[in-house]
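First up is the structure itself, then whatever we jot down about it.
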Amino acid sequence: MAEVPSGQRMTYGGYLRLEELLQLQEGPEGYLPQPCNDEKHFIIVHQAFELWFKLIISELKCAHAILNSDKVEEKVMPKLVHHLERVTSIFSLMSQQWKVMETLAPQEFLAFRDRLGTSSGFESWQMRELEVLLGLEHETHGGMNPLTHMRKLAEEGKVSKSVLENFENVSSQPSIRESLEDWLSRTPINGSLSGDDNDSEVVSKFIDSHISAMKKHSEHVISHIVKIGHGVESQVRPRMEASITQAESFLRPEGVVNRSRAGLLFIESYRELPLLSWPRILIDSFVELEQSMLLFRNSHARMVERMIGRRMGTGGSSGVDYLDATLKYRIFVDLWAVRTILIKRDNLKDLSNPEYYGFNSNN
Ligand code: HEM
């Protein structure tokens, strides 16, 4: 920020560059006729969202700088979680902000909708950037590749060269999800660290013991369901067995142990252990963040349905159907998936070395 010239005091307007900021609500340069009050409302609401996106990106970059390291010390965990919590708060606030947009009646929107041409939230590069930073994999959800999409927008002159360069740069780096997976893969499992001599045996034993606890529990569930008359064994058993096969392929995809998922399962299973407090809080923060993002997407879709019904979007998508399909996206897929295979603590084996996970001091 420019120095305040000596003899002048800092002012509210100068600090916030308010005059410049408040001149940006009239639409593009030379836009005639000038936006009516409803259209100005439309512009201001969009700009407010884009400002929040800017802050989200900045918070995520700070969080990433901490997480994307070979060793994340416990003392930096509160700061990391703090950044994620702020992002969650912003998403939660933005979910409410659609209410302001909804004060625009469909007819009032139609009155100026044609002026938008083909411009659409589709072209919000900040939304795409935060998705890529977090690690959303569009391809696996049948959607478009965000980098290809952004290059196309740049070719069509819809985003600038510098926006594209920044996007290419962000896309070439590991995402937050990938850094989180690396961090999880370093979780000490039953006191064994990845890289220890017999680590693979310890981890395999932990997985075997979890699967066998699941099998035992499933036998119990089958006999209970049959006993109370809620199903017959020939129908219930295949379902229970399928969930065990699913757990096995989650933990050992194609027969190879996934240490990151095993670490995640360990943290979620023994979440009461003192040494696992921050890891557990971190995982919860990511789940909370993604949940708030989904609610934000959902409330946008509901507002859009109310505003334009089932018509096509200005960006050329199917509109509400497209937006509803984005509700299926999951970034932290493993954090959600692990929930399906958890079993209650009483049915888990006790740790052989609980002292490893205790507090460092008795004070
Ligand atoms: C009257 C208000 C609005 C309507 C009718 C509307 C409608 C739509 C539609 C139909 C789409 C799908 C793409 C397309 O074909 O255009 C879309 C996407 C999007 N809109 Fe809106 N929108 C509105 C307001 C907003 C506001 C205020 C924001 C805030 C920045 C916003 C952000 C987005 C984003 C980021 C996408 C891309 C979603 C994705 O691909 O995941 N929209 N919108």
Condition test on Val72, is it in a helix (DSSP H, G or I) and surrounded by 13 or more Cβ atoms within 10 Å (Cβ to Cβ)?
no
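Within segment 315-329, which residues are over 17 Å from the mean Cα position of the chain (by Cα) and either within 15 Å of Met101 (Cβ to Cβ) or of a type outside the set (S, T, N, Q) (or both)?
The answer is Gly315, Gly316, Gly319, Val320, Asp321, Tyr322.
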Return the pair list, or none, for Cβ contacts closer than 8 Å from residues in segment 29-51 that are part of a loop (DSSP other than H, G, I, E, B) to residues that are β-branched (Val, Ile, Thr), at least 6 apart or on different chains.
Pro35/Ile43
Could you look through segment 306-332, keep only residues that are within 24 Å of Ile176 (Cα to Cα) and loosely packed, with under 15 Cβ neighbours inside 10 Å, and pick out the one that is farthest from the ligand (Cβ to nearest atom)?
Lys328
Can you confirm whether segment 104-127 contains a residue that is closer than 30 Å to Arg280 by Cβ, within 20 Å of the chain's Cα centre (by Cα) and touching a residue at least 60 places away in the same chain (Cβ under 8 Å)?
yes
Restricting attention to segment 309-363, which residues are farther than 17 Å from Pro279 by Cβ and of a type in the set (Ser, Thr, Tyr)?
Thr314, Ser317, Ser318, Tyr322, Thr326, Tyr329, Thr340, Ser352, Ser361
Matching helices (runs of 4 or more DSSP H) fully within segment 240-354 where at least 1 residues are in contact (Cβ under 8 Å) with a residue 24 or more places away in the chain and closer than 30 Å to Phe122 by Cα
277-308, 320-325, 333-341
Out of (1) under 27 Å from Val45 (Cα atoms); (2) away from the ligand (no atom under 14 Å from the Cβ); (3) touching a Gly at 6+ places or on another chain (Cβ under 8 Å), the one Ala154 does not meet is (3)
So in segment 86-134, with the set limited to residues that are closer than 20 Å to Glu288 by Cβ and β-branched (Val, Ile, Thr), which one is nearest to the ligand (Cβ to nearest atom)?
Ile90
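Read-outs throughout are calculated quantities, based only on the coordinates presented, and are distinct from any laboratory measurement. Computed from a predicted structure; not experimentally measured. Counting neighbours? That spans all protein chains shown, and the Cβs are built from the backbone with ideal geometry, glycine included.
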